[in-house]
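See structure below.
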Amino acid sequence: MSVFRTKSVEQSIAETDEPEHRLKKNLGVLDLMVFGVGVIIGAGIFVITGTVAKTNAGPAITLAFAIAGLACALAALCYAEFASTVPVAGSAYTFSYATFGELIAWIIGWDLVLEFTIGSAALATSFSGYFQEVFDGTFLEVPASLGSAAGGTMDLPAIIISLLVTVVLIAGIKFSSVLNQVVVAIKLLVVAAVIVFGISHIDTANYSPFIPPSEPAPAGDAGFMDSSLISTLLGIDPAVYGVAGVIAAAATVFFAFIGFDIVATTAEETRNPQRDIPRGILGSLAIVTVLYMAVSLVVTGMQNYRDIDENDAAPLATAFDAVGMEWMGRLIAIGACIGLIVVVMILMLGQTRVGFAMARDGLLPRRLARVHPRFGTPYIFTAITGVAVACLGGFVDLATLVEMVNIGTLFAFVLVSAGVVVLRRQRPDLPRGFRTPAAPLVASVSVLLCGYLMLNLKGDTWVRFVVWMAIGLVVYFAYGRTHSRLGRGEYDKHARPSDTPSGG
């Protein structure tokens with residue numbers, strides 16, 4: 001029973017027709033692109049832009065967004081080929097199962113659980129910050145002890161929104177898509193307003209110097225846990241600003257782009273995945289990269305980066321407050337509050353589809369993959385995910401959640417990028433609705449760039465990541481390996497002779 005046994009593409013596709021596990025195909029290219037834009041435009045633009053400009057990059061936060069966007073674009077090309085070739089729920093997990101084998105698939109699936117669950121919790125926490133900004137002084141004001149402020153015993157708005165989103169997801173993918181389209185329209189109007197009204201309040205003096213000179217890291221940030229891994233490995237004293245600060249900022253604002261891979265997780269629910277998945281992934285990523293760079297230029301031009309409060313939960317709104325446009329700050333807070341609801345929803349959608357695929361394969365208890373007879377959604381796994389997100393969002397701070405999401409996502413991108421080249425060599429005969437241009441080169445650069453961004457994350461993030469993955473290996477060898485449907489021979493009837501796993 002080799003842990004590197006592979007599940008063929010034919011096996012994965014045939015499995016989608018099993019009555020008890022069949023998902024409804026309700027999505028078109030507009031749904032996918034809106035899903036992508038809807039989830040990507042979230043905390044990255046509404047929350048962490050100001051924080052990272054203050055602590056790492058200054059006005060060069062714009063360059064950090066460009067670097068992170070480039071890393072995502074390279075990985076997106078690889079995702080697009082995979083999703084058009086293997087239109088099955090599970091995203092990188094399913095792709096890895098067909099190329100690297102079961103153990104690697106489990107590792108990436110476990111990693112995606114980290115990315116999507118903690119990402120949902122991070123966005124729920126961000127929603128709470130803007131919710132409190134909007135309703136401060138009203139009858140809906142959240143007491144300090146129940147809000148996201150330091151010292152609070154829990155974050156009640158984050159818990160409530162997580163549970164409400166869970167109900168929406170159980171109700172069905174098409175309903176979720178319609179709700180998303182409405183909210184995305186609101187978010188795009190708010191972002192456009194930020195750019196249009198903010199341009200007239202830019203003080204070009206705030207751009208000088210565009211890349212602030214490097215400075216030693218603040219006292220208390222010199223230990224392994226608070227320094228980037230690459231600083232520790234090379235024996236370099238940690239610093240902020242400068243070119244190194246921009247790279248470190250890119251590793252952090254990478255969080256702002258998380259979500260385009262959600263489109264790949266919905267492949268099984270798309271009417272024409274070979275055509276529409278690549279368009280949805282690449283289209284949504286292109287739109288938000290331009291918007292992020294524009295907004296970051298406006299925000300750092302309106303307010304000197306050193307005047308930004310790094311602990312501010314609503315920095316875009318505060319930037320307009322600082323130039324006397326309180327009404328605009330209020331509009332941004334309302335738009336962000338509404339918009340972040342959908343981001344939480346779509347990240348949770350991605351988590352439920354990955355977990356559904358793993359349970360359907362037997363690596364998790366198969367009853368978790370049961371589909372609701374009326375709504376056609378994996379309702380059991382969705383309910384479990386909602387409770388987990390509510391607990392994390394209610395009791396863990398945003399900064400910790402953001403870096404944990406980043407390392408999980410970058411690791412997934414590395415495996416997907418490498419997997420495209422592997423699958424081309426293993427199965428050149430497979431029909432591909434989209435082919436990554438210059439695949440070996442694009443995949444190699446993607447692996448190197450994503451790996452380098454991972455090295456720029458802090459030591460404590462790496463420690464948590466390693467511990468999480470170690471727990472995952474224990475779960476796999478204690479349960480998944482022996483309950484795998486592939487290992488039990490349940491897929492043999494779908495396998496081609498050339499697809500029979502070696503060693504198992």
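The values are calculated or read from the model by the stated rules, or taken from the named source; none is laboratory data. Nothing here was measured: the structure is a model prediction, and the numbers come from that model. Counting neighbours? That spans all protein chains shown, and the Cβs are built from the backbone with ideal geometry, glycine included.
For (1) in contact with a helix residue (DSSP H, G or I) (Cβ under 7 Å, 6 or more places away or on another chain); (2) modelled with pLDDT of 80 or more; (3) farther than 22 Å from LEU285 by Cα, each residue gets a yes or a no:
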| residue | (1), (2), (3) |
| --- | --- |
| GLU20 | no, no, yes |
| LEU27 | yes, no, no |
| MET33 | yes, yes, no |
| VAL47 | yes, no, no |
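Listed here are the helices (runs of 4 or more DSSP H) enclosed by the stretch 243-353 that have at least 1 residues being of a type in the set (D, E, K, R) and more than 21 Å from ALA193 (Cβ to Cβ): 273-302. Mind checking whether some residue in the stretch 72-84 is assigned to a helix (DSSP H, G or I), at pLDDT below 85, hydroxyl-bearing (Ser, Thr, Tyr) and within 18 Å of VAL194 (Cα to Cα)? There is no residue in the stretch 72-84 that is assigned to a helix (DSSP H, G or I), at pLDDT below 85, hydroxyl-bearing (Ser, Thr, Tyr) and within 18 Å of VAL194 (Cα to Cα). Only residues that are under 20 Å from the mean Cα position of the chain (by Cα), crowded, with 20+ Cβ neighbours inside 10 Å and at pLDDT 90 or above were counted across the stretch 418-452, and they come to 3. Would a scan of the stretch 357-380 turn up a residue that is in a helix (DSSP H, G or I) and within 30 Å of GLU133 (Cβ to Cβ)? Within the stretch 357-380, not a single residue is in a helix (DSSP H, G or I) and within 30 Å of GLU133 (Cβ to Cβ).
The single condition among (1) modelled with pLDDT of 80 or more; (2) farther than 30 Å from PHE95 by Cα that ALA317 does not meet is (1). Total residues in the stretch 246-286 satisfying the condition of being in contact with a Phe, Trp or Tyr (Cβ under 9 Å, 6 or more places away or on another chain), surrounded by fewer than 24 Cβ atoms within 10 Å (Cβ to Cβ) and of a type in the set (A, V, I, L, M, F, W, C): the figure is 2.
Only one entry in GLY376, GLY350, GLY362, GLY386 is touching a residue at least 60 places away in the same chain (Cβ under 8 Å), over 21 Å from the mean Cα position of the chain (by Cα) and within 23 Å of ASP111 (Cβ to Cβ), namely GLY362. Filtering the stretch 353-383 to residues that are under 19 Å from TYR476 (Cα atoms) and of a type in the set (Gly, Ala, Ser) leaves GLY355, ALA357, ALA359, GLY362, ALA369.
PHE100 passes every criterion in (1) surrounded by 24 or more Cβ atoms within 10 Å (Cβ to Cβ); (2) closer than 24 Å to MET469 by Cβ apart from (1).
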